[in-house]
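The values are calculated or read from the model by the stated rules, or taken from the named source; none is laboratory data. Quick caveat: nothing in here was measured; it's all calculated off a predicted structure. Note: ideal-geometry Cβ built from the backbone for every residue, glycine included; neighbour counts use all protein chains shown.
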């Protein structure tokens, strides 16, 4: 089976811009026949993103959408992350020091390994070799578990499996966020049904690192050509 | 910090022979000042092992024992494992074919990566670099996620973390189970308060692969010297 266009795929679907675009890409461009989506309620303040994931999964006509409750992810990392700990304020992008940008307060200890390991278990149990992951390394601020190195090492571990060697595929890893949005616009992605803001209020705050990055990317993607 | 005798440690404690011996080794031989234990209810039929883990953690006087409910591990792997799926019978060791011995029906898809990733998150959140893991590769039957290769690749992934580079340490990896029991006997481990049987009935069945292996190891460990 080629990972270029597999018969089956599992996609990690957060309900944000990147994973939603990835889902639509898999279903309407690659036309993968059997897509399963998996989303997590892990104690994130912006759990409202999961409702967007649900909408998008239904829209894409996936074979199954698993929404998994993993409150222990938040509980085990209390005191560790502004994303899951009510007592730690989500910073604005401006408040982040350069040092913090390599591992900001919104980083959740080992979250991506926990989520990917569950997605890989789900894939293995459904005899699916490809797990699609919307990670994108060129964010304004960085997480070690969103890098090409991280992905390669996770894959080298999963490759040891003696029956179903699951492989995590991250097609957008080296893309700019604006390029992801350009692709999504081509594919007709409904970005009104995506969620980005870390604060998870009724409306997006517009100042958290995630909101600022989204806004900049949309401006860049949809800018009129200068000449 | 040396991983030989760190100030802090997290130990994966299933309540079986290997992890219990490891816990007692860390507390009474290495005398690590700050030990945290973590156990999981993941939908295993032999969830009674967790009560043994609780007893041993208290006996060892750990700083904290986290028992984490992760029913999704069983739910995501339904149809994949005799250990978590009520409709799949636990085989006896004799029923296992040679082919099955490299990945037997009691294997739970990607379980160890899921559990280790949670233990690593817990360690990172408590500023602990060493996660101790009672894996032992020389079982009668094999799991890819109980091998030295698996461990090395997990560690190479975790080493990318920019703040707390957690390392999984498995001192018994190349030991025979009988040697683990010999060490435990020296340390005074109370093996009556450990659980091994996969079936998780009122009493150990004596025929599942895990029971047979335990019994053989105890016979080997406690055999009178021939001369």
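Return the residues of segment B:140-166 that are touching a residue at least 40 places away in the same chain (Cβ under 8 Å), within 14 Å of chain A (Cβ to nearest Cβ) and surrounded by fewer than 21 Cβ atoms within 10 Å (Cβ to Cβ); say none if nothing qualifies.
B:141, B:142, B:143, B:144, B:164
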*If residue A:218 passes every condition in (1) under 22 Å from residue A:46 (Cα atoms); (2) at pLDDT below 90 but one, which one does it miss?*
(2)
_Only one of A:191, A:133 that is buried (at least 24 other Cβ atoms within 10 Å of the Cβ), at pLDDT 95 or above and more than 9 Å from every other protein chain (Cβ to nearest Cβ)_ = A:133
*Starting from segment A:109-126, keep only residues that are more than 7 Å from chain B (Cβ to nearest Cβ) and outside any helix (DSSP H, G or I), then list their pairs with residues that are buried (at least 24 other Cβ atoms within 10 Å of the Cβ) and modelled with pLDDT under 95 whose Cβ atoms are within a distance under 9 Å, requiring at least 6 positions of separation or different chains.*
A:126/B:80
_Matching residues, segment B:103-126, being over 17 Å from the mean Cα position of the chain (by Cα), over 17 Å from residue A:144 (Cα atoms) and modelled with pLDDT of 90 or more_ = B:126
*Got a sec? Which helices (runs of 4 or more DSSP H) wholly within segment B:146-227 have at least 3 residues that are farther than 21 Å from residue B:24 by Cα?*
B:148-158, B:209-222
*Hey, which of the helices (runs of 4 or more DSSP H) in segment A:7-96, taking only ones fully inside, have at least 2 residues that are more than 14 Å from every other protein chain (Cβ to nearest Cβ)?*
A:17-24, A:49-60
